């Protein structure tokens, strides 16, 4: 999902963003390239500027749609008040994640 929000991201920045080691990020990105889901537009095998392909964008949309359906199915049994409370909690979490990403950008350089 991070790739769709940060087109042209470098391997280093992606590694920081998803908080895994570089070798795992490299391995996964190479698999995504082999499957035609992303491409490296840097022009170099040693550096990366990662973009989703059309196939990757389609896959991202399927994942988003499936996630939305699961989320809707999970809250169907909640009352309106419970949904409001949950929405407030999720908003707090989203704001914290956004703050953490901004902090990582300031510490490690801008994501593309």
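The values are calculated or read from the model by the stated rules, or taken from the named source; none is laboratory data. This one's a predicted model, so the numbers in the text were calculated from it and none came from an experiment. With ideal geometry, Cβ positions are generated from the backbone for all residues, glycine too; neighbour counts draw on all protein chains shown.
Out of all the residues in the range 54-87, which are under 16 Å from residue 36 (Cβ atoms) and either touching a strand residue (DSSP E or B) at 6+ places or on another chain (Cβ under 6 Å) or free of Cβ contacts under 8 Å to residues at least 24 places away in the same chain (or both)?
Result: 54, 55, 56, 58, 59, 61, 62.
Let me spell it out: the conditions are (1) in contact (Cβ under 8 Å) with a residue 40 or more places away in the chain; (2) touching a strand residue (DSSP E or B) at 6+ places or on another chain (Cβ under 9 Å); (3) not in a strand (DSSP E or B), and residue 29 meets all of them except one. Which number is the exception?
Unmet condition: (1).
Got at least one residue in the range 10-31 being over 17 Å from the mean Cα position of the chain (by Cα) and either modelled with pLDDT of 90 or more or surrounded by fewer than 16 Cβ atoms within 10 Å (Cβ to Cβ) (or both)?
Yes: one or more hits.
Look at residue 84 and say whether it is loosely packed, with under 12 Cβ neighbours inside 10 Å, at pLDDT 90 or above and assigned to a helix (DSSP H, G or I).
Yes; evaluated as a whole, the condition is true for this residue.
Would it be correct to say that residue 89 is assigned to a helix (DSSP H, G or I), under 17 Å from residue 6 (Cβ atoms) and modelled with pLDDT of 90 or more?
no
Here are 35, 22: which of them is over 27 Å from residue 90 (Cα atoms) and touching a helix residue (DSSP H, G or I) at 6+ places or on another chain (Cβ under 6 Å)?
Selected residue: 22, the only one of 35, 22 that is over 27 Å from residue 90 (Cα atoms) and touching a helix residue (DSSP H, G or I) at 6+ places or on another chain (Cβ under 6 Å).
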